[in-house]
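Okay, so here's the structure we're looking at.
The values are calculated or read from the model by the stated rules, or taken from the named source; none is laboratory data. Because the structure is a prediction, the values reported are computed rather than measured. In this analysis, Cβ positions are derived from the backbone assuming ideal geometry, glycine residues included, and neighbour counts consider all displayed protein chains.
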Amino acid sequence: MIFREGPVVESDEIREGIIIDYGKDGRIVSVEVLDASEHILDPRTMTYEVRGAA
């Protein structure tokens, strides 16, 4: 998933097969899920979690 255009300056594999790419400002540029069918239980839905200060 590409969230915005721009060069990737850092990547972090947060879990096996899930890579987050960051721009020079530290914001997320894209998320890559390798072998997505192995990580997704129901491909018709999307579940997400928001983390951070309340």
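Just so you know, in segment 29-50 the residues that are among the β-branched types (Val, Ile, Thr) and exposed (fewer than 13 other Cβ atoms within 10 Å of the Cβ) include one that is farthest from the chain's Cα centre (by Cα), and it is 45. Considering only residues in segment 6-28 that are touching a strand residue (DSSP E or B) at 6+ places or on another chain (Cβ under 8 Å) and among the acidic types (Asp, Glu), the one that is surrounded by the most Cβ atoms within 10 Å (Cβ to Cβ) turns out to be 21. Taking segment 29-54 only, how many residues are among the polar types (S, T, N, Q), touching a strand residue (DSSP E or B) at 6+ places or on another chain (Cβ under 9 Å) and farther than 17 Å from residue 3 by Cα? Count: 0.
Of all residues in segment 34-54, those that are within 19 Å of residue 19 (Cα to Cα) and acidic (Asp, Glu) have Cβ atoms under 9 Å from Cβ atoms of residues that are surrounded by 10 or more Cβ atoms within 10 Å (Cβ to Cβ) and modelled with pLDDT of 70 or more, 6 or more apart or on another chain, in 35/17; 38/17. When segment 16-40 is filtered for residues that are modelled with pLDDT under 75 and part of a loop (DSSP other than H, G, I, E, B), only 40 remains.
When residue 2 is tested against (1) loosely packed, with under 13 Cβ neighbours inside 10 Å; (2) touching a helix residue (DSSP H, G or I) at 6+ places or on another chain (Cβ under 8 Å), exactly one condition is not met: (2). Residues that are farther than 17 Å from residue 48 by Cβ and hydrophobic (A, V, I, L, M, F, W, C) were ranked within segment 1-28; the one that is farthest from the chain's Cα centre (by Cα) is 9.
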